[in-house]
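Since the structure comes first, as structure tokens, the remarks are kept for the end.
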Amino acid sequence: MPDPAQAAVAAAFARERWLLPRRYDAARARALDRFLREALPRAAFYAPYAGRRLEELPVVDKRTVLADFAAFNRHGTSLEEALAVATAAERARDFASTLPGGVTVGLSSGTSGTRGVFLVSEAESRLWAGILMGQLMAPATLRLMARRPLRIALFLRANSNLYETLGSGRVSFSWHDLTTPLAEHLPRLAGTDVLVAPASVLRRIAEARPAGLEPRQVVSVAETLEPDDETVIAAAFGRPVEQIYQATEGLLAVSCPAGRLHLNEGHVHVEPEWIDTTRFHPVVTDFTRTTQPVVRHRLDDVLLAAPAPCPCGRPGRSIAAVLGRADDVLSLAPLDGDRPVPVYPDVLRHAIALAGDLGDYRVEQHGPQWRVAFTTRDEAAHARVVAETARLAGRLRARPPDVVPMGWPAQAPDAKRRRIRRMA
Ligand SMILES: [Zn+2]
């Protein structure tokens with residue numbers, strides 16, 4: 001007798017894999033239309049907007065939602081109730097507790113002060129898992145699953161009852177808590193087929209090379225995958241590093257064989273808020289979520305658009321990279337004019353790479369000062385970084401930053417690694 005939870009995952013997975021590509025645009029338009037008409041008005045905030053088109057709805061962000069939390073979910077759950085359940089679960093490292101009706105509370109790691117809080121139902125969790133697996137699993141992995149159970153190892157900051165729901169005869173998930181030292185997880189990774197972890201953790205696993213770990217798929221989540229990490233990880237496992245771009249707002253994009261990230265447009269509508277000709281902030285509408293609708297949520301993330309079509313042949317829009325968050329963008333004083341010159345993290349990373357091997361590094365902007373720390377013991381490294389950032393400033397028609405050394409910044413073990421940050 002098939003478990004209904006597993007059947008729901010399987011149905012979402014099958015639809016994702018085979019049905020969507022053929023009827024792409026029509027299915028998508030219908031799903032969005034139905035979502036706006038039926039699901040959306042159940043949240044009090046959106047009741048006055050019943051029947052309106054997407055373009056007529058307000059653009060909101062994390063702060064807007066937190067300020068009026070009960071109005072943004074269909075159960076009228078208050079922020080206090082949601083936070084009480086979520087923090088108790090995080091403290092106990094037991095993520096099985098739910099609100100009435102099986103609603104799970106998720107917390108996003110707010111690195112700039114504000115934590116995102118989101119409510120998802122069991123049905124939404126299963127749909128998400130099916131979509132994720134449908135987009136992620138390579139044909140060879142699927143063929144393997146037909147012969148024996150697939151082993152998926154997930155390194156995440158919080159577990160969810162979702163993964164227990166998903167565990168079945170075909171797939172076994174192991175959850176690895178990022179607040180536990182990595183060395184304790186390494187012996188348990190032997191025989192893993194699909195390894196999913198933040199980029200910085202993948203790199204540490206790649207460098208440790210635990211015995212018996214030869215994954216068929218290596219997937220980076222939660223952090224920006226930077227080119228230097230990608231090179232080390234891909235070389236260690238002898239495979240390309242795949243990426244999932246997932247936010248509180250939903251599963252936003254998944255990488256393809258051509259190395260781009262395809263927006264999850266079958267389920268999520270992304271409106272670009274352009275910063276310049278290629279970079280944009282995504283404004284996200286997820287039409288699979290009805291417990292806490294995500295409608296025109298503006299994200300802080302900065303994405304780099306890729307020209308259509310993608311060589312891999314998939315339909316829809318793709319992005320070349322997730323560059324980071326808005327406060328990963330530093331600024332310099334202009335040589336002429338009075339508008340600060342933005343320095344995007346991809347551009348700065350490239351300049352820093354030209355300064356030679358620094359080991360790991362951190363850059364924090366505090367006003368006119370750029371404070372830097374490296375793990376290399378090479379005494380000449382600082383002077384090389386000063387020279388390269390001055391050269392970069394020259395190319396950007398900006399004044400060079402005042403680059404000063406700092407101690408290695410302390411960071412919680414489960415916090416996202418961010419090498420570049422604007423603090424003030
Ligand atoms: Zn592609």
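Gln217 fails exactly one of the following numbered conditions: (1) open to solvent by 10 Å² or more (accessible area, probe 1.4 Å); (2) over 28 Å from Asp327 (Cβ atoms). What is the number of that condition?
For Gln217, the failing item is (1).
Name the residues in segment 369-381 that are open to solvent by 40 Å² or more (accessible area, probe 1.4 Å) and under 16 Å from Leu348 (Cβ atoms), would you?
Listed by number, the residues that qualify are Gln369, Arg371, Phe374.
Could you please find all residues in segment 305-320 being in contact with a Ser or Thr (Cβ under 6 Å, 6 or more places away or on another chain) and crowded, with 18+ Cβ neighbours inside 10 Å?
The answer is Ala306, Cys310.
Considering each residue of segment 232-264, count those that are within 16 Å of the ligand (Cβ to nearest atom), in contact with a Phe, Trp or Tyr (Cβ under 9 Å, 6 or more places away or on another chain) and of a type in the set (Val, Ile, Thr), and give that number.
1
Could you name every one of the strands (runs of 3 or more DSSP E) located completely within segment 260-338 that has at least 1 residues being more than 30 Å from Thr77 (Cα to Cα)?
Ranges flagged: 261-263, 268-274, 279-286, 301-305, 318-325, 330-332.
I'd like to check something: does segment 265-280 contain any residue that is within 16 Å of the ligand (Cβ to nearest atom), of a type in the set (Val, Ile, Thr) and in contact with a Lys or Arg (Cβ under 9 Å, 6 or more places away or on another chain)?
yes
Only residues that are of a type in the set (A, V, I, L, M, F, W, C), at pLDDT 90 or above and either within 16 Å of the ligand (Cβ to nearest atom) or surrounded by 22 or more Cβ atoms within 10 Å (Cβ to Cβ) (or both): list them for segment 281-293, please.
Val284
The values are calculated or read from the model by the stated rules, or taken from the named source; none is laboratory data. These figures come from a predicted structure and were not determined experimentally. Using ideal geometry, Cβ is built from the backbone for each residue, glycine included, and neighbour counts are taken over all protein chains shown. Note: areas computed on protein heavy atoms with side chains; ligands, DNA, RNA excluded. Shrake-Rupley method; radii C 1.70, N 1.55, O 1.52, S 1.80 Å.
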